[in-house]
Amino acid sequence: MNKNLTPRQIVAELDKYIIGQKDAKRNVAIALRNRWRRMNVKAEIQGEIVPNNILMIGATGVGKTEIARRLAHLADAPFTKVEASKFTEVGYVGRDVESMIRDLVEQAVDMVKTAKKAEVEEKAKEIVEGIILDALIPPLKGSPTPHASGMGKDQPEDERELNEKTRERFREKIRDGEMDDRKIEIDVKQNSTPGMGMIGGGMDEASMINLQEMLGNMLPKKTKKRKVTIAEARKILLEEESSKLIDMDEVKEEALRKAENTGIVFIDEVDKIAGNSRGGQGGPDVSREGVQRDMLPIVEGSSVTTKYGIVHTDHILFIAAGAFHFSKPSDLIPELQGRFPIRVELDNLTKGDFLSILKEPKNALTKQYIALINSEDVDLTFQDDALERLAEIAFQINEEVENIGARRLHTVMSKLLNDILFEIPDTIGPNAKIVVDKALVEEKLSGLVKDKDLSQYIL
């Protein structure tokens, strides 16, 4: 586990980005710490301890996805988010539920490859430097060529020495970035995978990609010459040389282990595959119960075949989430309900929460806009009364129209600052100072609040 954080420390880290939802944070923090605990118990019982999967119940925009995503980032764990409504029952055209595990393994492989490439980066940089240098100043080959006239036996040696000195001077220039704009010709590996359309009607996109990759690996790799700048060549060659230096078998083994023991799968919109407690279908239905039954063995613990090997899902943490406006958790099949023993209800956001969201998180919207505008050397500040009014307006619109949670703040902030963003840098030049006060908020957003229908706005 990254830093082996305690549950209290995990909640403190989540608090930096997510306002409120104390219950949900506590439960995910315990689930994460339990994984570390499992890895440190006696071997004979380690395999028996299964994670307590979590079902989050709450309206859109209250922080369900963000909690799961931040949790995975904290744990340095492979993470994948899927929508339950995108899956179809086995036998129908579309994504099957096993694809969520294949996605998770892809994430794990990418994470391990990135870590391994960082380990060999210095060595790869040296190799790339050599390739670029050879393209600029090729080294002298083989034994010295005899000169026709009696110029002295030392002449070829002098040539070699001069060549070496020139190469060293150029090596320093390459390292200092002085030659980044100069163009050189390099050999680049070409993707030899043939372009393919869909074969038959029963293959989903993931299967097609896997098939193309398999065929690509069977065919010989072609190279073609490309004329690129040294800066671009460095990027292309660094990727190629790093890949050559890492052992892919080792990467696959480590990735599978990582996915099995620390992987987190976030299944969103799980309420869309639940039966409808009001009796109606409530939308298109490709056997919702069938999707639940297909999902059941994966959540319970089974073996899924991926292109990197077999993955056992017994210790993967599954976090399901849904608004459950038109259905309830008890509308899921009993077996699936039993596999999500921890239920957390997330609170709707209050006016005070909106104000905190605007001011406190590390990635607060106000901080994002200040940074964006500051890139044009324009100074933007928000007064406290302006932020209070913004929070009030966002809360009011959610109450009167449709509750989309914190996402409403994106709407009101965009409406508030659109004119300013448009006028920079043409009318509002560098070194300007913009202060957002309550009067400006009222001027720009009063129309939103007055129009109860809001049909003229894309909200």
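Brief remarks follow.
- Seen from every direction in turn and averaged, the convex hull around the alpha carbons of region 314-415 projects onto 9.6 nm².
- Each residue of region 373-389 was assigned a 3J(HN,Hα) from its phi angle through the Karplus curve 6.51 cos²θ - 1.76 cosθ + 1.60 (θ = phi - 60°); the sequence is 6, 5, 5, 9, 6, 10, 9, 10, 9, 10, 7, 4, 5, 5, 5, 4, 5 Hz, with glycine and proline shown as x.
- Net charge of neighbours whose Cβ lies under 14 Å from the Cβ of Ile310, counting Lys and Arg as +1 and Asp and Glu as -1: 0
- Distant-in-sequence amide H partners of Phe382 (H built 1.01 Å from N, under 5 Å): Val436
- Plainly put, region 1-126 has a radius of gyration that is 1.03 times its Kirkwood radius, both from alpha-carbon atoms, as the Rg/Rh ratio.
- The Cβ shell under 9 Å around Gly275 holds other residues with a net charge of -1, Lys and Arg each +1, Asp and Glu each -1.
- A cut-off under 12 angstrom between Cβ atoms defines the neighbours of Arg175, and their net charge, with Lys, Arg +1 and Asp, Glu -1, is -2.
- Relative packing of 260-271, 418-429, which averages over residues the other C-beta atoms within 10 Å, highest first: 260-271, 418-429
- Amide H within-cut-off set for Arg95, under 5 Å, with H built and near neighbours excluded: Thr88
- Here region 220-369 is treated as a Stokes sphere of Kirkwood radius computed over C-alpha pairs; at 25 °C and 0.890 mPa s its diffusion coefficient rounds to 120 µm²/s.
- Taking packing as the residue-averaged number of other Cβ atoms within 10 angstrom, the listed peptides 26-39, 174-187 run from highest to lowest as 26-39, 174-187.
- Carbon and sulfur %, accessible surface of region 50-123 computed with the full protein complex present, 1.4 Å: 48 percent
The values are calculated or read from the model by the stated rules, or taken from the named source; none is laboratory data. Predicted, not measured: the structure shown is a model, and the values here were computed from it. Neighbour counts are summed over all protein chains in view; Cβ atoms, including those assigned to glycine, are modelled from backbone coordinates with ideal geometry. We work out accessible area using only protein heavy atoms, side chains counted, and drop any ligands, DNA or RNA first. Shrake-Rupley method; radii C 1.70, N 1.55, O 1.52, S 1.80 Å.
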